[in-house]
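Enquirer: Dumping the structure here so I can ask a few things about it.
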């Protein structure tokens, strides 16, 4: 397409509206300016600027958000354009990707046409939209416009015919889909009218290239019987309809969740550059001079906590994976974020003065709704297991559960308002450094007769085996500690334990909200570790692993921390542990990923490597596994709380194990081991399922533990007897 074809291209984009086009061009510019003004007016009317005043008034501490700016930028670009997180759910991910890339392509095409027709040609009289470039652009716009329509239809099918129970719906949701569909369809109809008027004539130099607009050409068949005047008049009407619709869509963005088009990429850029979802740091000196602890006022959150509410598009990914929601408890992480946003808007009625300035209102003067109770209900706050599923799933990188931890802190440390059964847990931690409140002097009794070296006697060791409270006091998990000690000794590992000098890691206290008790426990451990020059630590519990490896750094404790599965996997590969005998009656094995081992620390392969090395049964995965695994229900201090609402989380997970066809559930976490063993008993599945910790199976396969022929459930019953 050269020569006269180039002139036809100018006709297509320049003169198709007929005489008087310059006047209409000015009108178009005026409408664009009006649309932009209405967009900003919409932001004001929708409360965006008011909420931003609340965001900037926030006083809470936060982590670094703009360090490594260039890396953050490219991470954001890849995540947004590649849909890295969104595509984890194939159906939703694909239709969003189709819509996204359809609009990106059409925006690029529109920008090029604008530059050609409204900038380059009027100023320099240069026409570049010809030849292969024009044909390629035409094909590009048509294909991606069609892809966007497919995406919209898929989204509509999900809204109208296969709507999941966790997907909320506001009036705007369906309006958005129909609005976008109308813009796309009118765009193709306008193109079809142009093609029918200018390119279907065999004498037209564009006729040989007509299928470079495949969708427009196909739609043009519908108008083959129209006269040229009718085509031109209809084209003018629909062109303006399409343009006004597109400009109206820009205005609509300001009033709807579509604002996430802008806010979500910003939120991705501002994501925390930390190994764990950051929970607000409370320095030890804070306990000496702070008037309140935790959060009960909006402004006590960090600015980023409040900004998260602007990035939330209500997609419901966090709700879909939430174990509390999926067992009929009053927690939907999406609604936590949305309720904070709503609370911001409600509080603004009290916090804005006559001049529109936002000011923080002292508690004694504030008469509006309360954040805890009115904004977010207490049952919602206590339902969270801190499994991190919401954070892992969120495509906008919003931190949901850390916001609940801060509310718990206020309830616990300021109001003493927490589940009654937790009181004994706190007393046990304070008095005996364990949640069972068993005498601290018995912490090393599990090791009697095993000749396990004490660090106080040995002086130093390469590894400190940090047994934890479950391994020291819980009858079921004492057997796991014994198995690990035998394995370490057989492998020639240079290790020792602290015995009675060991204290509770404090994780449950921290996640329940008692930061004071947590820090007292943590600092006592850190002092002991440093006194013995401890550098490398092996933990049995993923919760202790997370606390010692990450949380203790905030209090000056920096150590190399390993979960025992990392050590066993290494020892097996090095040949220092020989798995010389098969284990009978295991059948098919399924592995339950601990939330704190998997999502928090990305340890997925090592436990599975160990199970495969056993060669004592095939390994199958449950319906939810790896990053999408379902929680056991014990995290976030829920191990110590009654589960009165809905159904039991551990039972739902046990049912998943049963559905996998496995005979044996394996764990690598004391909490998970306890919860799944209980789930088997509660559901009366002992004839079909059995639970073991991986360490027990390794000890048995290595010929170190002859008692592991029995399931953990049977062993627990024997211990009780």
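Enquirer: Measure nothing but the geometry: give the 0 to 90° angle between the long axis through the Cα atoms of 515-531 and the longest principal axis through the Cα atoms of the chain, rounded to 10°.
Expert: Once rounded, one gets 60 degrees.
Enquirer: Can you list, bin by bin at 10 Å, the percent of alpha carbon pairs in the range 570-660, starting at 0?
Expert: 15, 38, 32, 13, 2
Enquirer: Then there is this: Over all distinct Cα pairs, what is the inverse of the mean 1/r for the range 384-429, reported as the Kirkwood hydrodynamic radius in Å?
Expert: About 12.2 Å, per the Kirkwood formula over Cα pairs.
Enquirer: Okay, moving on. How would you rank 305-312, 569-576, 291-298, highest first, on the average number of other Cβ atoms within 10 Å across their residues?
Expert: 305-312, 291-298, 569-576
Enquirer: Need one number: the % of Cα-Cα pairs in the range 545-618 sitting beyond the 18 Å mark.
Expert: The calculated P(r) of the range 545-618 puts 51 percent of pairs beyond 18 Å.
Enquirer: Which of the three applies to the range 108-149, rounded, prolate or oblate, going by the alpha-carbon gyration tensor with a ≥ b ≥ c and a/c under 1.5 meaning rounded?
Expert: The shape class here is oblate.
Enquirer: Once you treat every alpha carbon in the range 280-338 as an equal point and sum by Debye, what is log10 I(q)/I(0) at q = 0.13, 0.15, 0.17, 0.22 Å⁻¹?
Expert: With one equal scatterer per Cα and no solvent, log10 I(q)/I(0) is -0.51, -0.64, -0.74, -0.92.
Enquirer: Quick one: helix 21-45 against the long Cα principal axis of the chain, what's the angle to the nearest 10°, folded into 0 to 90?
Expert: With both axes taken from Cα atoms, the answer is about 30 degrees.
Enquirer: Along each of the three principal axes of the Cα atoms of the chain, give the extent in whole Å, ordering the values from largest to smallest.
Expert: Taking max minus min along each principal axis of the Cα atoms, the chain gives 100, 66, 45 Å.
Enquirer: Rounded to the nearest 500, what is the 222 nm mean residue ellipticity of the chain from helices alone, with -39500 (n - 2.57) per DSSP H run of 4+ residues and division by all residues?
Expert: So the helix-based figure for the chain works out to -16000 deg cm²/dmol.
Enquirer: Limiting things to C-alpha atoms, what are the Rg and the maximum Cα-Cα separation (Dmax) for the range 422-720, in angstroms?
Expert: Considering the range 422-720 through its Cα atoms, Rg and Dmax are 18.0, 51 Å.
Enquirer: Let me see the P(r) profile for the range 611-654: every Cα-Cα distance counted, bins of 5 Å, each bin given as a percent of all pairs.
Expert: Histogram of Cα-Cα distances, whole percents per bin: 5, 17, 20, 19, 15, 12, 7, 4, 0.
Enquirer: Listed highest first by mean packing, meaning other Cβ atoms within 10 Å per residue, what order do 102-110, 319-327 come in?
Expert: 319-327, 102-110
Enquirer: How far apart, in nm, are two points set 7 Å out from the Cα along the Cα-to-Cβ line at residue 423 and at residue 350?
Expert: About 3.0 nm separates the two model spin labels.
Enquirer: Where does helix 228-253 land angle-wise versus the long Cα axis of the chain, in degrees 0 to 90, nearest 10?
Expert: 30 degrees
Enquirer: Taking 0.36 nm per residue of sequence separation and subtracting the Cα-Cα distance, how much length would be gained by fully extending the chain between residue 553 and residue 64, in nm to one decimal?
Expert: Full extension of this stretch gives 174.4 nm more.
Enquirer: Test of understanding: ordering 516, 134 by Cβ neighbours within 10 Å, fewest first, what list do you get?
Expert: Starting with the residue having the fewest Cβ neighbours, the order is 516, 134.
Enquirer: Stokes-Einstein diffusion coefficient for the range 86-235 at 37 °C in a medium of 0.692 mPa s, Rh from the Kirkwood formula over Cα pairs: what value in µm²/s?
Expert: 190 µm²/s
Enquirer: Going by how many other Cβ atoms sit within 10 Å of their own, how do 596, 463 line up, fewest first?
Expert: Ascending Cβ contact count within 10 Å gives the list 463, 596.
Enquirer: For the range 236-348, report the convex hull volume of the alpha-carbon atoms normalised per residue, in Å³, without decimals.
Expert: Residue-normalised Cα hull volume stands at 176 Å³.
Enquirer: Tell me, Kirkwood radius of the range 286-413 from alpha-carbon pair distances, in Å?
Expert: After inverting the pairwise mean of 1/r, the radius is 15.4 Å.
Enquirer: When a footprinting reagent is the concern and you count Cβ atoms within 10 Å, what order do 282, 156 take, fewest first?
Expert: So the residues, fewest neighbours to most, are 156, 282.
Coordinate-derived values only; no laboratory data. On a predicted model such as this, the values are computed, not experimentally measured, just so you know. Quick reminder, even Gly has a Cβ in these numbers, built from the backbone with ideal geometry, and neighbours come from all protein chains shown.
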